[in-house]
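What follows is one structure encoded as structure tokens, with my remarks underneath.
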Amino acid sequence: MIPAIEIRNLHKSYEDTIALRGIDLTIRPGEFYGLLGPNGAGKTTTIGIITGLVRLEEGSVSVFGKDIIRDYRFTRSKIGLSPQEFTSDWFFPIDKLLIFQAGYYGIPKKEAQPRVEELLERFGLTEKRGTKMRQLSGGMKRRFQIAKALVNDPDILILDEPTAGVDVQLRHMLWDFLRELHQQGKTILLTTHYIEEAELLCERVSIINDGSIVSEGTPQELIRSLGKGMIEVALSGWDGSLEAKMSSFDFVYEPETDGGRLIFSVDNPERELTNIIATLSSNECHIHEVKINKASLEDVFVATTGRGIND
Ligand code: ATP
């Protein structure tokens, strides 16, 4: 399998700042991949190098097996980028900007027009087609920017914080749209500050901190690597003699006026819940309430970087 994006030993410094300290990443074709990291971790620099906006200093990057420097025409034609900052020419109507963008990829106007219409419609921008970029609201600018990244129908879509500063409704609309693109087979690389977003959308995630990748895996693998979750069972009918029968579990019992509460510390709450309930029920305990607290990607993030993503 030729990876969609393969990054080897990427280093980058800006004057007195070391931005990347040897990054390795392999993104498979059709994969939905997330890059998570706090401010200044090196996400935008990594994306900038892949897309040719930032000069590569040391290491290599290939896109569908072709080197981004030797075969830059090929590699750039495969990628659509929605950058973090709004960069588009402020003084042109947005439909014109989409046609211009297609032109950069050698797509003639006649061929681009139906695609532009489709994208304007898909992003709810048809009514604003004659509006200049600078007159759009923040959310509309973001939608426009993603439409622009898709104008050449790229195989790989790279999105640098696509949902930063957008309202909940638009965030959900963008999530639906990204899922749809993923189902169509596009490779998607996304950076985000919203852990929830990575957990919901991404098949694999890398956590980057201070220019290095500190962990990588599926969101579930990363969460599991952290270990413990908690199961809390409120019940009546518990008596001390049951302790021996439950000795394979790690738990504490807290008595309450109308029964008590068992608090289990478990590695895999979904799997262990059935055993716990079955053992308690077969020993005449009456269960009133069950609560599961799982670790989240946020917990993994804090554990690996030593800080919260929005700190
Ligand atoms: P954020 O989440 O805030 O966008 P990031 O993970 O994208 O952060 P980068 O923008 O890649 O991080 O920055 C990595 C480091 O490189 C930071 O310390 C930043 O200050 C520095 N840096 C980035 N671009 C430049 C530049 N053009 N000149 C000097 N330093 C830079």
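Data table
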item: Residue 83 vs. criteria touching a residue at least 40 places away in the same chain (Cβ under 8 Å) and within 16 Å of the ligand (Cβ to nearest atom); result: yes
item: Checklist (1) at pLDDT 90 or above; (2) hydrophobic (A, V, I, L, M, F, W, C); (3) within 16 Å of the ligand (Cβ to nearest atom) applied to residue 68, failing item; result: (3)
item: Those residues of the stretch 266-289 which are surrounded by fewer than 15 Cβ atoms within 10 Å (Cβ to Cβ) and closer than 25 Å to residue 224 by Cα, in sequence order; result: 267, 268, 270, 271, 274, 275, 278, 289
item: Count - residues of the stretch 27-53 that are open to solvent by 20 Å² or more (accessible area, probe 1.4 Å) and either outside the structural domain of residue 202 (by TED's automatic domain parsing) or outside any loop (DSSP other than H, G, I, E, B) (or both); result: 1
item: Total residues in the stretch 107-136, condition open to solvent by 60 Å² or more (accessible area, probe 1.4 Å) and not in a helix (DSSP H, G or I); result: 3
item: Candidate set: the stretch 163-191, residues that are within 16 Å of the ligand (Cβ to nearest atom) and at pLDDT 90 or above; chosen: the one farthest from the chain's Cα centre (by Cα); result: 189
item: Hits in the stretch 54-65 - residues which are part of a loop (DSSP other than H, G, I, E, B), touching a residue at least 40 places away in the same chain (Cβ under 8 Å) and either surrounded by fewer than 16 Cβ atoms within 10 Å (Cβ to Cβ) or near the ligand (Cβ under 8 Å from one of its atoms) (or both); result: 54, 57, 65
item: One residue from 212, 236, 241 being out of contact with any Ser or Thr (no Cβ under 8 Å at 6 or more places or on another chain) and either assigned by TED's automatic domain parsing to the domain that holds residue 95 or within 14 Å of the ligand (Cβ to nearest atom) (or both); result: 212
item: Filter pass, residue 206 being in contact with a helix residue (DSSP H, G or I) (Cβ under 6 Å, 6 or more places away or on another chain), within 16 Å of the ligand (Cβ to nearest atom) and modelled with pLDDT of 90 or more; result: no
item: Criterion: over 24 Å from residue 214 (Cα atoms), touching a Leu at 6+ places or on another chain (Cβ under 7 Å), assigned by TED's automatic domain parsing to the domain that holds residue 13 and of a type in the set (A, V, I, L, M) - qualifying residue of 99, 69; result: 69
item: Cβ pairs under 9 Å, 6+ apart, first in the stretch 24-38 and modelled with pLDDT of 95 or more, second aromatic (Phe, Trp, Tyr); result: 25/33; 27/33; 29/64
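Residues checked against (1) within 30 Å of residue 131 (Cα to Cα); (2) of a type in the set (A, V, I, L, M, F, W, C):
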residue	(1), (2)
11	no, no
20	no, yes
25	no, yes
32	no, yes
57	no, no
64	no, yes
73	no, no
86	yes, yes
89	yes, no
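The values are calculated or read from the model by the stated rules, or taken from the named source; none is laboratory data. Bear in mind that the values here come from a model prediction, so they are computed numbers and not experimental data. Cβ sites come from the backbone with ideal geometry, for glycine too, and all protein chains shown count toward neighbours. Note: accessible area is taken over every heavy atom of the protein model, side chains too, but ligands, DNA and RNA are not part of it. Shrake-Rupley method; radii C 1.70, N 1.55, O 1.52, S 1.80 Å.
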